[in-house]
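The values are calculated or read from the model by the stated rules, or taken from the named source; none is laboratory data. This is a predicted model, so every value here is computed, not measured. Positions of Cβ are backbone-derived with ideal geometry, glycine not excepted, and every protein chain shown enters the neighbour counts.
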Amino acid sequence: MASLNPVVFLAVVVICFIGPVVGDENTTCSVAMFGGDHGAYLACIAQFAHQCNWFPSPLAGLYSYQVWNGYDGFWQNGAVLETMANFIEFAKHQRYMSVVKGSHRDLYSLMEAYGPYPSFDDMGWYGLSYARIYELFGFQDFLQTAQDIFDWCWKTGWDSSNKCEGGMWFDNNVNAKVAITNVQMFHVAAKLYRLTNNTEYRNKSEMIENFLFANNFINSSTYLMSDGIDLDTCKPSNTVGFTYETGVLIGALSEMYRLTKNESYLGLAENLASAVIDYNSNTTGVFTEKNCDPDCDDDAKMFKGIFVRNLRYFMDTVNNATLRKKYQNWMEFQIQANLKQNMCNEVPISKCYIVFKDGPPSFKVTGPVFSSNWNGPFDYGAPMQQTSVLDLFVASILPGTKCSGVFCNYDPRIPPPKPMTCSSRPCPPGEDCCAYKHKASYTCCDKSQKCNKQGICV
């Protein structure tokens with residue numbers, strides 16, 4: 001996943017809401033407004049902090065897509081839309097619907113994010129989010145673009161030579177077939193078939209399914225998933241994939257069950273979920289990203305949340321109260337771990353180290369904020385790790401929860417920009433903040449670079 005790190009210009013600090021800090025009954029979130037559902041309340045305050053602190057990016061006008069302040073790359077700005085849509089649906093809370101609606105871009109605008117072509121998995125996150133937004137709210141333009149994304153990825157990225165039973169290439173370099181791209185397209189194709197009844201999507205979902213199983217992406221003994229295959233031998237790599245790859249596959253298998261009513265899809269999804277949880281849990285039972293925690297890069301900081309998001313889709317599909325309770329209890333345990341070990345909500349909030357990589361926040365900074373390692377301790381807040389924990393809170397919302405009160409439709413205005421400087425500590429740990437000579441703007445250097453006296457990262 002390529003990342004974009006443009007030069008930083010301008011932004012603003014204004015009041016995001018009128019009233020006390022989060023946690024008070026007079027603010028925009030309370031337990032009572034969700035009928036006592038504590039998971040919905042936690043999702044509400046975590047989303048509120050996510051939006052106040054990081055939306056919109058002060059650089060938004062430079063991009064061809066909707067962008068938050070400090071996401072590491074294009075793909076994360078697409079993946080978070082599914083989280084936002086799910087909160088609206090699960091909590092029956094319409095706040096930030098304008099952000100969801102305003103996120104639509106056509107295929108060409110999304111492709112403009114990279115040159116000459118984006119990787120197919122980056123586009124896949126928009127396909128998944130847009131299809132979900134249409135499924136929940138019926139916005140026809142999102143469905144059309146989800147179809148356009150899948151059709152473009154298939155036309156450009158499917159290996160029609162049938163080597164290793166086909167499969168999606170990772171990008172236009174056609175030198176890798178990895179798990180994430182293929183499970184994404186499996187999921188998107190299955191969902192699009194259910195939403196449109198177009199049998200082309202059904203046929204293509206079956207082709208991708210055949211590719212995954214013919215090449216043994218799933219270890220038949222451990223149910224752990226490989227991250228890719230060897231192009232010469234068509235054998236899976238010995239590297240166990242990240243949590244999100246299996247998560248997206250669980251979502252795809254849940255879709256396939258809805259289409260076919262074949263119980264084997266749910267049986268496999270349960271085996272995969274159990275395997276990933278066992279493999280990635282530490283000795284205390286806290287879910288980790290075993291491949292990289294506590295030093296995950298900015299891409300991987302969102303992965304655990306994507307797994308839990310898709311686990312919720314499985315829970316909503318399987319007709320088994322015992323199984324649902326098992327995973328609900330597991331999520332509650334992860335929530336408590338984050339609240340006890342990985343949260344910062346100091347008063348004043350300036351005591352929490354919060355990163356604003358593209359410039360200053362557009363609203364009054366608020367908490368709670370969370371860092372990457374659910375086992376703690378808290379190190380710094382940024383939108384990637386905030387979204388991962390937000391996904392956990394959203395997935396835990398109980399079926400039937402409804403929002404009541406004036407703040408269920410609260411939708412804050414987007415303010416004009418105002419300057420910020422390096423003195424505000426806007427950059428992540430280990431990255432130099434490089435101020436320009438006129439001191440009205442800055443950029444965050446890569447960890448391999450240093451800021452020279454001329455204000456240039458070298």
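Of all the residues in region 52-74, those that are part of a helix (DSSP H, G or I) and either out of contact with any Ser or Thr (no Cβ under 9 Å at 6 or more places or on another chain) or crowded, with 24+ Cβ neighbours inside 10 Å (or both) number 6.
Assigned to a helix (DSSP H, G or I), over 23 Å from Thr83 (Cβ atoms) and in the same structural domain as Asn216 (by TED's automatic domain parsing) - does that describe any residue in region 279-297? Yes, the conditions are met somewhere in region 279-297.
Restricted to region 100-144, and to residues there that are polar (S, T, N, Q) and surrounded by 22 or more Cβ atoms within 10 Å (Cβ to Cβ), the residue that is modelled with the highest pLDDT is Ser129.
Residues in region 153-161: is at least one more than 21 Å from the chain's Cα centre (by Cα) and surrounded by 21 or more Cβ atoms within 10 Å (Cβ to Cβ)? Looking through region 153-161, at least one residue is more than 21 Å from the chain's Cα centre (by Cα) and surrounded by 21 or more Cβ atoms within 10 Å (Cβ to Cβ). Pairing residues of region 168-194 that are surrounded by fewer than 24 Cβ atoms within 10 Å (Cβ to Cβ) with residues that are part of a helix (DSSP H, G or I) and modelled with pLDDT of 95 or more, at Cβ distances under 6 Å and at least 6 apart in sequence or on separate chains, gives Trp169/Gly157; Phe170/Thr181; Tyr193/Tyr201; Tyr193/Arg202; Arg194/Leu259. If you go through region 350-359 and keep only what is out of contact with any Pro (no Cβ under 7 Å at 6 or more places or on another chain) and either modelled with pLDDT under 95 or among the polar types (S, T, N, Q) (or both), you end up with just Ser350.
Of all positions in region 319-327, at least one carries a residue that is closer than 29 Å to Ile180 by Cα, part of a loop (DSSP other than H, G, I, E, B), assigned by TED's automatic domain parsing to the domain that holds Glu245 and more than 22 Å from the chain's Cα centre (by Cα).
Among the conditions (1) over 30 Å from Ser30 (Cα atoms); (2) hydrophobic (A, V, I, L, M, F, W, C); (3) crowded, with 24+ Cβ neighbours inside 10 Å, Ala91 misses just one, which is (1). Considering every residue within region 69-82, establish whether at least one is acidic (Asp, Glu), touching a residue at least 60 places away in the same chain (Cβ under 8 Å) and within 20 Å of Pro428 (Cα to Cα). So far as region 69-82 goes, yes, one or more of its residues are acidic (Asp, Glu), touching a residue at least 60 places away in the same chain (Cβ under 8 Å) and within 20 Å of Pro428 (Cα to Cα). Hey, among Thr366, Thr322, which residue is more than 20 Å from Gly36 (Cβ to Cβ) and free of Cβ contacts under 8 Å to residues at least 24 places away in the same chain? Going through Thr366, Thr322 in turn, just one is more than 20 Å from Gly36 (Cβ to Cβ) and free of Cβ contacts under 8 Å to residues at least 24 places away in the same chain: Thr322.
Give the residues of region 358-380 that are out of contact with any strand residue (DSSP E or B) (no Cβ under 8 Å at 6 or more places or on another chain) and of a type in the set (Ser, Thr, Tyr), sorted by residue number. Answer for region 358-380, where residues must be out of contact with any strand residue (DSSP E or B) (no Cβ under 8 Å at 6 or more places or on another chain) and of a type in the set (Ser, Thr, Tyr): Thr366, Ser372. For Glu82, the stated conditions hold: it is in contact with a Ser or Thr (Cβ under 9 Å, 6 or more places away or on another chain), in the same structural domain as Asp230 (by TED's automatic domain parsing), charged (D, E, K, R) and assigned to a helix (DSSP H, G or I). Residue check: is Lys364 under 25 Å from Thr443 (Cα atoms) and surrounded by fewer than 20 Cβ atoms within 10 Å (Cβ to Cβ)? Judged against the criteria, Lys364 is a match. Residues in region 114-144 that are under 21 Å from Gln76 (Cβ atoms) and touching a His at 6+ places or on another chain (Cβ under 7 Å): Leu128, Phe142.
Quick check: anything in region 222-239 part of a helix (DSSP H, G or I) and either at negative phi or among the β-branched types (Val, Ile, Thr) (or both)? Taking every residue of region 222-239 in turn, none turns out to be part of a helix (DSSP H, G or I) and either at negative phi or among the β-branched types (Val, Ile, Thr) (or both). The residues of region 387-436 that are part of a loop (DSSP other than H, G, I, E, B), modelled with pLDDT of 80 or more, hydrophobic (A, V, I, L, M, F, W, C) and surrounded by fewer than 19 Cβ atoms within 10 Å (Cβ to Cβ) amount to a single one, Leu398.
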